[in-house]
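Structure record follows, encoded as C-alpha cells.
Read-outs: derived from the displayed coordinates by stated rules, not from any lab. Everything numeric in this text was worked out from a predicted model, so none of it was measured. Neighbour counts are summed over all protein chains in view; Cβ atoms, including those assigned to glycine, are modelled from backbone coordinates with ideal geometry.
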Amino acid sequence: MAASMVGKPLSCDELTYNCTRLEYACLYIEVDATLLFVHSFEIESPLFVAPLTVTVDYEWKPSRCEKCNVFGHCCPTSTEDKGKGKAHDDSPTPHTHLQPEPQPTVHTNTHPSTNIAT
C-alpha cells in the first residue's frame, strides 16, 4: 500500500475504502516524529513505463520539538533553561491539545506527466 511510504496507515474515509473516488485517497496515517514529513514519492506500475509520482498533502501538521522530536510541545532553549532548573518540559503547548489528528491525503497521478491539485 502506498500509504506505508508516509507512515502507519490507521484508517480511511468511506469513498477511499469503497474505491468510489478515484482522483485521490483520504487516509489517516500515524507518522514518526523523528522523521521528516514525506511530500511525494514514486511507485512503479505495470500500467506505465515511467514511475508514478504520488503527492502527499497534509490537512494539518502538528508542531514538533526540534530538541527531542516529540509532537505537541517545544523544549526550552538553553537560554530559557537558565534559572528554571529543568532541561526538558513534556507539557504540551496550550493550543496543541485542541488540534485534530494529522490527516495526510495521498494523491496518485493517473498519468506520469500530470499532477493532481486539490
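Residues that are surrounded by 13 or more Cβ atoms within 10 Å (Cβ to Cβ) and of a type outside the set (A, V, I, L, M) within the range 1-16 comprise 7, 9, 12, 13, 16, listed in sequence order. Of all positions in the range 31-42, none carries a residue that is more than 27 Å from residue 72 (Cβ to Cβ) and crowded, with 17+ Cβ neighbours inside 10 Å. Taken over the range 23-54, the criterion of being in a strand (DSSP E or B) and β-branched (Val, Ile, Thr) is satisfied by 29, 43, 53, 54.
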